[in-house]
Amino acid sequence: MASNPFAHVVTKVCGPPSAADYGADKLLRAVVWGAAAVILLLVTYIVFELGRQAFPAMLSFGPEFLYSTTWDVQAKQFGILPEIWGTLYSSLLALLLGGVLGVAIAIFLTQDFLDHRVSNVFRTIVEMLAAIPSVVYGLWGIYVLIPLIRPGANWLHDSLGWFPFFGTSLSGPGMAPAALVLAVMILPTVAAISVDAFKRVPYKVKEAAYGMGTTRWEAILKVMLPSASSGILAALVLGFGRALGETMALAMLIGNSNQISLSLFAPANTLASLLASSFPEAGPIEVQALMYAALALLAITLLVNVFGLWIMKAATRKFEGR
Amino acid sequence: MTGTISEAVLEQDLASMPQLQGSMFEGRGLRSRLYTGITWLLAILASLPLFSVLYMLIAKGGARINWETLTALPPSAFEFGGGIGPAIVGTAVMVGIGAAISIPIGILAAIYLAEIDPHTKLAQTARFLAKVLTGFPSILAGVFVYAALVVAMKSYSAWAGGIALAVLMLPTVILTAEEALKQVPQKMKDAAYGMGCTRAQVIGKVTLPTGIPGVMTGVLLAVAGAAGESAPLLFTALFSTYYINGWEGLGEPTSSLSILIYNFSGMPYDNQIELAWTASLVLVLIILVFNILARVLGRQKY
C-alpha cells in the first residue's frame, strides 16, 4: 500500500517511448516508404508492360507504322498517321476555343468583376463542367450538339466550300462537334490553373498599375496577363495534354474514320478513340498494333504533360522563390 | 473681395489643368467597358453547355426514373422496358475495389511525402510521377490492365476494372492527401514531439486526425472521378447484362453505368436511348453527391 497508486499512469504518460513504440515507428516508416515506392513501380511497370506488348509490332511494322495511313486488318497493314493527325488537330482546335474561354473565365473570377456570391456561382459551374463524365458529354453531343450545329455547318459548306476548313458537309459525327465538346471538357482545367496563376501575382503589382491611372482592362492586359503568362502557358499545355488523352466523348463524336482532312466537318479519328473502338474486337495481330498505338499515345501525352509541369514549376518559382 | 479673386484664380487653374477624371464614353473607358461586356458573354457562353446537359438529363432521363428502371436488367434489342440495375451495382462494386486499393496506398504514400521525408529523391520523384499520372489518358490505364491482368486471367472481370480505376484514383488521392497533411499546423506536431512522442505517434494521434477532413475531400473527389470513368472499363470489365453473382462473379465481365451509356447511345432503338439518358442522370447524381460531400468536408478549417 505504500507504493504510489499513480505509478502506472505516470510511467505511461511520462516515460520514454517503449521498445514497442520504437518498433511501431520503424514499421510505419518502412510501410510508408513502400507506399511511396509503389507509384514509381507502377509507372515503370506501365511503361514496361506497354513496351513489351508493343515490341512484336515495333519489330514487324517498324517506324513506318507512325507515318503510314492504312489500317487494314485483312492485309495486316497498320499505320496511325491519320490518328496522330486527328489527335493533334482536334486537341489544337479544342485548345483554341477552350483556352480562350478558360483564360477569360479565370480573368472574370480573379479580377474583381464579380460580387463574392456571383463569382462562387461561376466557380461552381466550372467545377460541375469538370465533374460531368466523358460519356455523358458524348451522349449530349450526339443528341444535342450535332443536330444544333448541322444547319450552320452545312450552310458554311454550301457558301464557303472552297475554303479548306469547310470542305465537306457535316453528315453526323465529325471533327467540329468533337472539338467543341473537347473544348468544354478542357475548359475547367485551363480555368483552374489560370486562376492559380493570376492569384500568384502579388496584389502590389495591380495596385501599382492602377496607381499609374490605368483602366481596369489596361491593368489586366498590360500588367496582369504578362505577369501571369508563364502560369497561363502551363494551363494551356496541361489542357492540351488533357485533350490528347480524352477518349469516350471523341469515340462517340468524331466518326472514327481513317482519313486526314483539314475540313472541320469531316469525320476523323484519334489515337484514344482508335483504341476504344478497335480493341474489344481485335485479333492477336491487331492487338499488337494497338499496343504500339497506345505506346505512341503514352509518349505524346507524357511529353506534353512533363513540359507543362516544368513550365508550371518555373512559373511558381517566379513569384514564390521555390 | 478676396473670395471672388481666389475663385477666379481657381477657375483659371481648373481650366488649364488636364482633365484627370475618366469619362465613361471616352476611348479608354469605352474600350474597358467593351472588354468587360465580352468577358461576361464568354463566361455565359462557357456555362451554356452545363445548363443544356443538365436540362437534357432531367427532361430525358428523369422521365424513366422509377424503381423498375433502377433495378431491372437491361433490355435486349427489341424489348421494351428494362432497366439499369446491374450497371448501378457494377459501378459501385468496381469503384469500391478501386477505392479499397488506392486509398490506403495513397494515404500512406502521402504520409511519406508530407511527413516522413519530403525532400528525398524518392519523395521528389514520387510527387512528380503522381502529377504526371493525373494527366495520364484514362484509356491507357485500361490498355495497361488488359495487358497485365486480363490476358493472364484469360477473362474480363470486375477485378480488372477495379484495378484500372485504382490506377487512375491513386495520383489524386496522393496529391490531395499530401496537401491536406501539410496544412496541419507545425505547432500542434511540435507540441506532440515535445511530449516525447515518436514520429509514428505524432502521425497517428495528431497529424492524421487533424488532417482527415482534407484527406477525405481528396478521397471523395477521386471516387467521384472514378465513378464517371468509362475508357478504362471498356476492355477490362467489358459489359454484362446480369447482376454480379457473388464472389465468383467478380471474376466475370461486369456492367457499369458508363459503359451502358456508351453501348446504348449508338443503338437505333428509342428504349435504349432513353435508358442511356436515365443512366446518365443517375451517374451524374452519384458524382454530384460525392462532389458536394467533398466540398462540405473541405470547408471545415481548423
Residue A:262: passes all of (1) within 13 Å of residue A:81 (Cα to Cα); (2) surrounded by fewer than 18 Cβ atoms within 10 Å (Cβ to Cβ) but (1)
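So, of the residues in region A:45-77 that are of a type in the set (Val, Ile, Thr) and within 14 Å of chain B (Cβ to nearest Cβ), which turns out to be nearest to residue B:139 (Cα to Cα)? Can you show your working first?
Going through region A:45-77, the residues of a type in the set (Val, Ile, Thr) turn out to be A:46-47, A:69-70, A:73.
Of the ones still in play, those that are also within 14 Å of chain B (Cβ to nearest Cβ) are A:46-47.
Numbers: A:46: 13, A:47: 14 Å.
Among them, the one singled out is A:46.
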Reported set for region B:131-185 where residues are under 20 Å from residue B:234 (Cα atoms), of a type in the set (S, T, N, Q) and in a helix (DSSP H, G or I) is B:134, B:138
Counting only residues that are surrounded by 10 or more Cβ atoms within 10 Å (Cβ to Cβ) and at pLDDT below 75, region B:14-39 contains a total of 3
Residues in region B:229-263 that are within 14 Å of chain A (Cβ to nearest Cβ), crowded, with 24+ Cβ neighbours inside 10 Å and either of a type outside the set (A, V, I, L, M) or not in a helix (DSSP H, G or I) (or both) total 11
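Can we say residue B:79 is outside any helix (DSSP H, G or I), of a type in the set (D, E, K, R) and loosely packed, with under 13 Cβ neighbours inside 10 Å?
Working: outside any helix (DSSP H, G or I): yes; of a type in the set (D, E, K, R): yes; loosely packed, with under 13 Cβ neighbours inside 10 Å: yes.
Yes; evaluated as a whole, the condition is true for this residue.
Select from region B:257-270 the residues that are at pLDDT 90 or above and under 18 Å from residue B:62 (Cα atoms) and write down the one among them that is nearest to the chain's Cα centre (by Cα). Outline the logic, then answer.
Of the residues in region B:257-270, the ones at pLDDT 90 or above are B:257-265.
Checking the rest, the ones that are also under 18 Å from residue B:62 (Cα atoms) come to B:257-258, B:260-261, B:264-265.
Numbers: B:257: 17, B:258: 15, B:260: 20, B:261: 19, B:264: 24, B:265: 23 Å.
Step by step, filter region B:257-270, then rank; the result is B:258.
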Checked region A:95-117 for anything in contact with a Gly (Cβ under 9 Å, 6 or more places away or on another chain) and within 13 Å of another protein chain (Cβ to nearest Cβ); matches are A:98, A:99, A:102
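Which residue, of A:28, A:42, is modelled with pLDDT of 95 or more, facing chain B (nearest Cβ under 10 Å), surrounded by 14 or more Cβ atoms within 10 Å (Cβ to Cβ) and closer than 30 Å to residue B:204 by Cα? Before you say what the answer is, go through the steps one by one.
Working: A:28 fails: modelled with pLDDT of 95 or more.
Answer to the check: A:42.
Restricted to region A:288-322, and to residues that are in a helix (DSSP H, G or I) and free of Cβ contacts under 8 Å to residues at least 12 places away in the same chain, which residue is farthest from the other protein chains (Cβ to nearest Cβ)? Steps first, answer last, please.
Of all residues in region A:288-322, those in a helix (DSSP H, G or I) come to A:288-320.
Now restrict to residues that are free of Cβ contacts under 8 Å to residues at least 12 places away in the same chain: A:299, A:302-303, A:306, A:310, A:313, A:317.
Details: A:299: 11, A:302: 7, A:303: 10, A:306: 6, A:310: 10, A:313: 9, A:317: 15 Å.
Only one residue tops the list, namely A:317.
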Quiz item: If we scan region A:192-207, do we find a residue that is surrounded by fewer than 24 Cβ atoms within 10 Å (Cβ to Cβ), under 18 Å from the mean Cα position of the chain (by Cα) and of a type in the set (Gly, Ala, Ser)?
Solution: yes
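The values are calculated or read from the model by the stated rules, or taken from the named source; none is laboratory data. Being a predicted model, the structure only gives us computed values, none of them experimental. Neighbour counts are summed over all protein chains in view; Cβ atoms, including those assigned to glycine, are modelled from backbone coordinates with ideal geometry.
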